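A short write-up of the structure that comes next.
Derivation of every value follows stated rules applied to the coordinates shown; laboratory data play no part. This is a predicted model, so every value here is computed, not measured.
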Amino acid sequence: MRVAMAAAVLTLALLSGCPSPMTIAKLQNDSGRYMGKKVIVHGRVVTSVGILGSGAYEVDDGTGTIWVLSNGRGVAGNGAKVDVVGVYVNGVSVGGHALASAIEQTKAPTYLAGRD
């Protein structure tokens, strides 16, 4: 029974189009493929700017960095290890600085304990 339930959950996840986590380098090196699509990255917050749950933060996964726009879904603090789920976008400006690309969060960041 448990095996059948696990198989059903896995099949549903695969059919729902959930993206797999990827490195920031892969995302940025093949940006045309991912532009406008839902993506997941893991990393550590290296810069964070926000107030009342809105703002932006920069994530470093060891292969590169990318800014994440919170859109009111919470701003992760400096040093936090997070999973980020959002849509990969181009031509974004943060604090008057133009960015080549960023991730617009579609859900609050997931905080990871003890994961590098």
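Note the count of lysine pairs whose C-alpha atoms are less than 18 angstrom apart in the range 19-111, limited to pairs 8 or more residues apart or on different chains. Intermediate values should be presented prior to the final figure.
Working: Lys26/Lys37; Lys26/Lys38; Lys37/Lys107; Lys38/Lys107; Lys81/Lys107.
So the count works out to 5.
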Karplus couplings for the range 74-82 from phi (6.51 cos²θ - 1.76 cosθ + 1.60, θ = phi - 60°), rounded to Hz, Gly and Pro as x? x, 10, 6, x, 3, x, 5, 9, 9
Rounded to whole Hz and in sequence order, give me ³J(HN,Hα) for the range 97-104 from the Karplus expression 6.51 cos²θ - 1.76 cosθ + 1.60, θ = phi - 60°, writing x for Gly and Pro. 9, 6, 10, 5, 7, 7, 10, 8
Report the normalised scattering of the range 53-106 as log10 I(q)/I(0) at q = 0.12, 0.19, 0.25 Å⁻¹, calculated by the Debye formula with identical scatterers on the alpha carbons. -0.23, -0.60, -1.06
Between Asn29 and Val46, what length in nm is gained on full extension when 0.36 nm per residue of separation is reduced by their alpha carbon distance? 4.0 nm
